[in-house]
Amino acid sequence: MKKMIQTVWIVLTVFFFVLVAQEMVLARTFLRDTRSVRCSGRVVRVNDLARDVLERCGEPFRRFNRDADEIWVYNFGQGRRVYFFTFFRDNLRRIQSQRCDIEDPDCVYLGP
C-alpha cells in the first residue's frame, strides 16, 4: 500500500510539473489582446491615430509591415512584456502583448 501511495505521489508530481511547464511555454508564445495600454503615464486605445500613439509612447523599438498592416513593437520596461500595435491606414486597430525578452530571437511575431 505504501509503495502504491509513493507511485501515485510521483505520478501526480510529474503531472503537475508538466502542466506548469506547459503554462510557461504558452504564456511565452501566445499574444494576448488588450483594448488599451499605458505608456509614459498616458493611455493609448484601439482606434487612436498613429500620430497620437507616437506622441504618447514615442518611437517604437521596431516597425515592420505585414500585408496591409504596419506593426510597431514596444517594450516599456514593464518586466518582460512586449507590445505589438497593429495599424491599418494610420488607425490603431489592435494591441497585443507577449511575455518575452525583446532581444530574444525566439520572441515570436517580430516580423521579417
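Return yes when R51 is part of a strand (DSSP E or B) and closer than 18 Å to N91 by Cβ and no when it is not.
Numbers: part of a strand (DSSP E or B): no; closer than 18 Å to N91 by Cβ: yes.
In short, no.
If we keep just the residues of the range 54-79 that are assigned to a strand (DSSP E or B) and touching a helix residue (DSSP H, G or I) at 6+ places or on another chain (Cβ under 9 Å), which is farthest from S97 (Cα to Cα)?
So the residue we want is E70.
Inspect all residues belonging to the range 44-60 and state whether any of them is modelled with pLDDT under 75, assigned by TED's automatic domain parsing to the domain that holds R93 and surrounded by 10 or more Cβ atoms within 10 Å (Cβ to Cβ).
First, the residues of the range 44-60 that are modelled with pLDDT under 75: none.
Within the range 44-60, not a single residue is modelled with pLDDT under 75, assigned by TED's automatic domain parsing to the domain that holds R93 and surrounded by 10 or more Cβ atoms within 10 Å (Cβ to Cβ).
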Query raised in the report: Among all residue pairs at least 6 apart or on different chains, which show Cβ distances below 7 Å where the first residue, located in the range 35-46, is closer than 11 Å to I95 by Cβ and the second is among the charged types (D, E, K, R) and in a strand (DSSP E or B)?
Result: R35/R45; S36/R45; V46/R93; V46/R94
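The values are calculated or read from the model by the stated rules, or taken from the named source; none is laboratory data. Not measured: the values here are computed from a predicted model. Glycine also receives a Cβ, built like all others from the backbone with ideal geometry; neighbour counts cover every protein chain displayed.
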